[in-house]
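To start, the structure under review is shown below, and the notes come after it.
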Amino acid sequence: MANVAHVSRVRSLYKRILVLHRFMPIDLRALGDQYVKDEFRRNKSASPEEVKAFMTEWEKYGATLQTQVLDAMAGKLEKLEFGVVLSEDRLKHFQDEQVGQLYELMLEATKPNRQFDIQDDRS
């Protein structure tokens, strides 16, 4: 029964993040959606300790994104920005692979001509 509850919690978080991504610019949404899908898939067979850390970090991401979206919708932000600055101290706790992933994600997200050439049909 605990496994069913865990799966439900993971799916709920996954769906919540994808819904929040709908408020992002279309190219960042595509990049974020793909990253989330890859990360959740990659961590399906993680150890219990890794799952705990994984869920904690993705829940923080979801909460941060929700706050940013709500602030943007309420007109509290002059400039729409997503994410947070990671301190050097926090980066020290990352594995080399994670630092590499963050670097690649940062490069893709800050490109003037992003990989995702998507037309926004929303009117």
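The values are calculated or read from the model by the stated rules, or taken from the named source; none is laboratory data. Computed from a predicted structure; not experimentally measured. Note that we place each Cβ from the backbone using ideal geometry, even for glycine, and neighbour counts take in every protein chain shown. Just the protein is used for accessible areas: all its heavy atoms, side chains included, with ligands, DNA and RNA removed. Shrake-Rupley method; radii C 1.70, N 1.55, O 1.52, S 1.80 Å.
For Q95, state whether it is within 11 Å of the chain's Cα centre (by Cα) and open to solvent by 60 Å² or more (accessible area, probe 1.4 Å). Here the answer is no, as Q95 does not meet what is asked. Scanning region 1-55 for residues that are more than 12 Å from the chain's Cα centre (by Cα) and of a type in the set (S, T, N, Q) turns up N3, S8, S12, N43, S45, S47.
Among the conditions (1) hydrophobic (A, V, I, L, M, F, W, C); (2) surrounded by fewer than 17 Cβ atoms within 10 Å (Cβ to Cβ); (3) more than 21 Å from L80 (Cα to Cα), L18 misses just one, which is (3).
Each residue in region 77-90 was checked for being at pLDDT 85 or above, among the acidic types (D, E) and open to solvent by 100 Å² or more (accessible area, probe 1.4 Å), and 1 pass. When A53, A63, A74 are checked against the criterion of being of a type in the set (G, A, S), more than 28 Å from K111 (Cβ to Cβ) and surrounded by 11 or more Cβ atoms within 10 Å (Cβ to Cβ), a single residue qualifies: A53.
Has region 107-116 got any residue that is more than 22 Å from F23 (Cβ to Cβ), part of a loop (DSSP other than H, G, I, E, B) and either modelled with pLDDT of 85 or more or open to solvent by less than 60 Å² (accessible area, probe 1.4 Å) (or both)?
No, the conditions are met nowhere in region 107-116.
Listed here are the helices (runs of 4 or more DSSP H) enclosed by region 1-88 that have at least 3 residues being among the basic types (K, R): 2-21, 26-42.
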